[in-house]
Each structure stands twice: as C-alpha cells, then as structure tokens.
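Heads up: the structure comes next, in structure tokens.
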Amino acid sequence: MSQNYESNTLKSSTVEHDVIMRGRKLLDITGVKQVESFDNEEFLLETVMGFLSIRGQNLQMKNLDVEKGIVSIKGKVFDLVYVDEQNGEKAKGFFSKIFR
C-alpha cells in the first residue's frame, strides 16, 4: 500500500502543462509560473516547460489564476512559440527585443 500512496503523492506534486486552443480564438494554458509581459499583440508566459510566446491580434487576458497556474487568453492567435535555451541565438534575440 505504501507504494500506491507514494506514487499518488508524486503525481499530485508535479505540475502539468497543457495548451488548449479553441477555434484559434481562445487559449487555456496550465502550468504557468508567471506572466512576464503582455499587450494586445503578444504575451510572454513562463511555464513549467519554458517560456511561451503567444502572438496575435486583439489579445486579452480573459482569466488568470495565479495559485493554480492557469491563464486564459482570447483574441486572434497567430503563433505559439516556446523559447528555449537550446535555440541560443534565437532566444537571445527574442529576449533582447522584448527587454529593450
């Protein structure tokens, strides 16, 4: 029985990261650590799986639950891009553009 208890404890302590898009107009994202920046054309979110950039038109934050790590965004979505350290130069250029 102790094995089942331990595996259940491990599952509940890991944070899942999901991106659910509905009709290219609504995004529900889980596993969000924090919202780095946002405006009506771009959101930059820190997730448990890296930084996620969302670009589009008329983007608005529909819902934010900091405790649960859930963000909902509405608007016309053009692209979703994960910015990882593996893409060294691309990430550097991306962050330098954001933090000018």
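Tabulated data
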item	result
Segment 65-79, residues that are surrounded by 13 or more Cβ atoms within 10 Å (Cβ to Cβ), under 13 Å from the mean Cα position of the chain (by Cα) and either modelled with pLDDT under 95 or of a type outside the set (A, V, I, L, M, F, W, C) (or both)	GLY69, SER72
Failed criterion for GLY50 (all others in (1) open to solvent by less than 80 Å² (accessible area, probe 1.4 Å); (2) at pLDDT 95 or above hold)	(2)
Tally, over segment 33-47, of residues that are open to solvent by less than 90 Å² (accessible area, probe 1.4 Å) and part of a strand (DSSP E or B)	10
Residue that is modelled with the lowest pLDDT [pool: residues in segment 1-32 that are surrounded by 14 or more Cβ atoms within 10 Å (Cβ to Cβ) and farther than 18 Å from LYS76 by Cβ]	VAL15
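The values are calculated or read from the model by the stated rules, or taken from the named source; none is laboratory data. Keep in mind that this is a model prediction, so the values were computed, not measured. Here the Cβ is made from the backbone with ideal geometry for all residues, glycine too, and neighbour counts use every protein chain on show. Each accessible area value is taken on the protein alone, full model and side chains, heavy atoms only, with ligands, DNA and RNA left out. Shrake-Rupley method; radii C 1.70, N 1.55, O 1.52, S 1.80 Å.
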